[in-house]
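The values are calculated or read from the model by the stated rules, or taken from the named source; none is laboratory data. In this text, all values refer to a predicted model and were calculated from it rather than measured experimentally. Please note: Cβ atoms are built from the backbone with ideal geometry, for glycine as well, and neighbour counts cover all protein chains shown.
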């Protein structure tokens, strides 16, 4: 079963402020902004950060979770104002100015949505009279991806930026993707948070017919810009919900014994060493925009009853505001097979040294990674790698990829020699028949086998020689084995080296997962059935994915397997997991490895 925890969104209630009482104010009429004589105004901001998450329609309300205090720490805050002439669409609004906010958070009440609030009054520069449309974007913990100069200009690499929101996302996608989020929540720069995208209709058990996107930019009525603090504080201009720009993952796994295998000796004991991310996104939008919302907002799987319109939340978080649980990233559609934009360690001999504890509490963070249904393939999806240890940490081998039996190195070498001696055209049997003395018996122990020395994964026969005892059994002790004897050996056997007894298991993160996008072997994979399967796998910002390893059936791989161009859903697998997604919406995923 898959549950998800969504990180709780933060509510930023912007209340436009005013100048202090000793400043000279000008009368700008009650229908427009009011500025001081020196062209200043004040915005009063109330930014409310939640410690609780909320989830979506699968059970929106039972998957709430606080997370940790560091996950809603605010180290810095920025207000970015976008403006345009009357009638300008959000897509065409451009950056007018930006302001660094001085925040002082304190607790004020408590609910599933909001538990921490700050209120400030921010001075802003006069906005030209022809800029009738004013909208706000709040960014918390910008992690240095942009700056604000002394002239209140938004800057990227110290150069002023005055473009659109889409242009801002594009200009910052690599910088956002390069943020070191592994440390930001633990006393570092803080988790990046920005305006959330919402919709004006409910989903869940009802179809969100006619739903429209609300945000991410939030409108400010120019008449709410005042020239006195008192007036501004009395007339808040807008409410802004912010969400974390990353996803959170925790893993729970305990030591145990393999559950598969016919005989007691197959029930190998294992120790869970930890987990790590793999195939994570290297780019990310600063602010998500619900791109393509009208195409996917009403999707519901025919395999779920009653219908679950999973893309939209089933509970209002405020009047006529519901959460949106899907979006497109920069590598969503038609992803090149040789350049997915993701970072992976998978490879023939790849290993992972640094892992996070699988205690269910130690969290990792990654940027969102979503795909179209046709691109929902291993190479395009984020996964975690579970690292387990067998055989008390001593190295071992498997032969011919049969994982029911573990072999010690000397036993594998004996097996190589024995196969070389078997009667047949593809061994050295005929050579021995011609070269061994009459009355002598050439045995497998008369061969000296050497292996390659890869760190982990598949190894090969590197050398085959005859021992001194074996040479004495030959008609000519100096006779050389066939020149292709190493190739012959490698054609007879495959073997895999588990360094330090380490076995790796990939777990691809499910977003909607089995509860909202169930798949069985009888279903197509995935047959272009977007309504049934879109979003089954993926990672979305502000979601907490709880992975619970419920068992390991068999040995995994001695190396971190490469991602492939195949769908994730397969008949055979070695790990069983459940995934919960928490908001710090929360989603749970159980897996058997």
Selection over segment 514-562 where residues are closer than 23 Å to residue 273 by Cβ, assigned to a loop (DSSP other than H, G, I, E, B) and in contact with a strand residue (DSSP E or B) (Cβ under 8 Å, 6 or more places away or on another chain) yields a count of 8
Condition met for residue 315 (over 19 Å from the mean Cα position of the chain (by Cα) and either buried (at least 16 other Cβ atoms within 10 Å of the Cβ) or not in a loop (DSSP other than H, G, I, E, B) (or both)) = yes
Sole residue being touching a residue at least 40 places away in the same chain (Cβ under 8 Å), within 25 Å of residue 537 (Cβ to Cβ) and part of a loop (DSSP other than H, G, I, E, B), chosen from 362, 371 = 371
Given the conditions (1) more than 19 Å from the chain's Cα centre (by Cα); (2) assigned to a loop (DSSP other than H, G, I, E, B), and given that residue 190 satisfies all but one, which numbered condition is not satisfied?
-> (1)
Qualifying position, being within 25 Å of residue 545 (Cβ to Cβ) and either at pLDDT 95 or above or outside any helix (DSSP H, G or I) (or both), among 260, 298 = 298
Count of segment 292-307 residues which are in contact with a helix residue (DSSP H, G or I) (Cβ under 8 Å, 6 or more places away or on another chain) and either under 17 Å from residue 371 (Cα atoms) or exposed (fewer than 12 other Cβ atoms within 10 Å of the Cβ) (or both) | 3
Run residue 118 past the list (1) at pLDDT below 95; (2) farther than 16 Å from residue 242 by Cα; (3) surrounded by fewer than 21 Cβ atoms within 10 Å (Cβ to Cβ) and report the number of the one that doesn't hold.
-> (2)
Kindly indicate whether residue 523 is farther than 30 Å from residue 408 by Cα and out of contact with any helix residue (DSSP H, G or I) (no Cβ under 6 Å at 6 or more places or on another chain).
-> yes
Of all residues in segment 146-175, how many are part of a helix (DSSP H, G or I) and loosely packed, with under 15 Cβ neighbours inside 10 Å?
-> 2
Just for strands (runs of 3 or more DSSP E) wholly inside segment 443-485: which have at least 3 residues that are in contact with a strand residue (DSSP E or B) (Cβ under 8 Å, 6 or more places away or on another chain) and free of Cβ contacts under 8 Å to residues at least 60 places away in the same chain?
-> 447-451, 461-466
Could we say that residue 554 is in the same structural domain as residue 260 (by TED's automatic domain parsing) and touching a residue at least 40 places away in the same chain (Cβ under 8 Å) here?
-> yes
Subset of segment 80-100 (residues that are surrounded by fewer than 16 Cβ atoms within 10 Å (Cβ to Cβ) and within 33 Å of the chain's Cα centre (by Cα)) = 89, 91, 92, 100
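Let's see how each residue does on (1) within 21 Å of the chain's Cα centre (by Cα); (2) modelled with pLDDT under 90; (3) in the same structural domain as residue 466 (by TED's automatic domain parsing); (4) over 25 Å from residue 350 (Cα atoms):
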{"position": "488", "(1), (2), (3), (4)": "no, no, yes, yes"}
{"position": "498", "(1), (2), (3), (4)": "no, no, no, no"}
{"position": "511", "(1), (2), (3), (4)": "yes, no, no, yes"}
{"position": "537", "(1), (2), (3), (4)": "yes, no, no, no"}
{"position": "547", "(1), (2), (3), (4)": "yes, no, no, no"}
{"position": "576", "(1), (2), (3), (4)": "yes, yes, no, no"}
{"position": "588", "(1), (2), (3), (4)": "yes, yes, no, yes"}
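Condition check ((1) more than 30 Å from residue 319 (Cβ to Cβ); (2) in contact with a helix residue (DSSP H, G or I) (Cβ under 8 Å, 6 or more places away or on another chain); (3) in the same structural domain as residue 194 (by TED's automatic domain parsing)) across all residues:
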residue: 213; (1), (2), (3): no, yes, yes
residue: 224; (1), (2), (3): no, yes, yes
residue: 229; (1), (2), (3): no, no, yes
residue: 232; (1), (2), (3): no, yes, yes
residue: 242; (1), (2), (3): no, no, yes
residue: 256; (1), (2), (3): yes, no, no
residue: 272; (1), (2), (3): yes, no, no
residue: 275; (1), (2), (3): yes, no, no
residue: 278; (1), (2), (3): yes, no, no
